[in-house]
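What follows is a single structure, written as structure tokens, with notes after it.
The values are calculated or read from the model by the stated rules, or taken from the named source; none is laboratory data. This structure is a prediction, so every number in the text was calculated from the model and none was measured. The protein model used for the area step is the full one, side chains on, heavy atoms only, and it has no ligands, DNA or RNA in it. Shrake-Rupley method; radii C 1.70, N 1.55, O 1.52, S 1.80 Å.
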Amino acid sequence: MIRLFKVKEKQREQAENAHGGAHVKKQSAGELRLHKDISELNLPKSCDITFPSGKDELMNFEVSIRPDEGYYLGGTFLFSFQVSPVYPHEVPKVKCKTKVYHPNIDLEGNVCLNILREDWKPVLNINTIIYGLYHLFTEPNCDDPLNKESADMLRDNPKMFESIVRRAMAGGYVGTNFFPRCL
């Protein structure tokens, strides 16, 4: 067993010498899985992924969603993803960076999506989350709200809900809350 460790140490030293003495960063299991998930992404045409800190920093990225149907048609909504080194055993933290009038997204950007909470399982992946977020815009769920006011409006008066969503997306006030333009 001891010889095995010596062989591994010698291989590591040779790798460092081959790279000019630079330390080769070992990827966590979460980074390896995330790299696989990203390489296998099959996003809808209306979704894009960007890496604000560069491709070397995979654990933090952004996804923009432009719904092509429903109440939020024409809007662009930006989400930040923070992925833990123990991913997929821990669900990524997802926040909506675009202020939006939505039953399942509160004004602070928290997202109510079952797979981001109690229904997360390690067999799920980033693609699943992005499709779940996209689905929130095409079919908002007023039965599991974070923004109760908008959920009640959607359930009780869908036409008024649509009018308020349009006003908020165009940039303006809904009650005392200001929504920046996202059209």
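Surface analysis of the stretch 81-183 yields an accessible area of 51 Å² per residue, using protein heavy atoms and a 1.4 Å probe.
So, with a 1.4 angstrom probe, what is the percent of accessible area on the stretch 42-124 that is carbon and sulfur? So the carbon and sulfur contribution to the accessible surface is 52 percent.
Stokes-Einstein diffusion coefficient for the chain at 10 °C in a medium of 1.306 mPa s, Rh from the Kirkwood formula over Cα pairs: what value in µm²/s? The diffusion coefficient I find is 86 µm²/s.
The three principal axes of the Cα atoms in the stretch 71-118 give end-to-end lengths of 35, 19, 19 Å, sorted in falling order. Based only on the alpha carbon positions, what is the Kirkwood hydrodynamic radius of the stretch 72-178, in angstrom? Final number for the Kirkwood radius of the stretch 72-178 is 14.5 Å. Residues in the stretch 95-109 carry Karplus couplings, in order, of 10, 8, 8, 9, 5, 9, 8, 8, x, 9, 9, 7, 6, 8, x Hz; the curve used is 6.51 cos²θ - 1.76 cosθ + 1.60 with θ = phi - 60°, and Gly or Pro positions show x. Dividing the alpha-carbon radius of gyration of the stretch 142-183 by the rule-of-thumb value 2.2 N^0.38 Å gives 1.15.
Our summary gives the stretch 93-154 a relative contact order of 42 percent, counting only alpha carbon pairs under 8 angstrom and 6 or more residues apart.
Remark: for residue pairs Lys45/Lys93; Lys93/Lys159; Lys55/Lys148; Lys55/Lys121, the C-alpha separation exceeds 30 Å in Lys93/Lys159; Lys55/Lys148.
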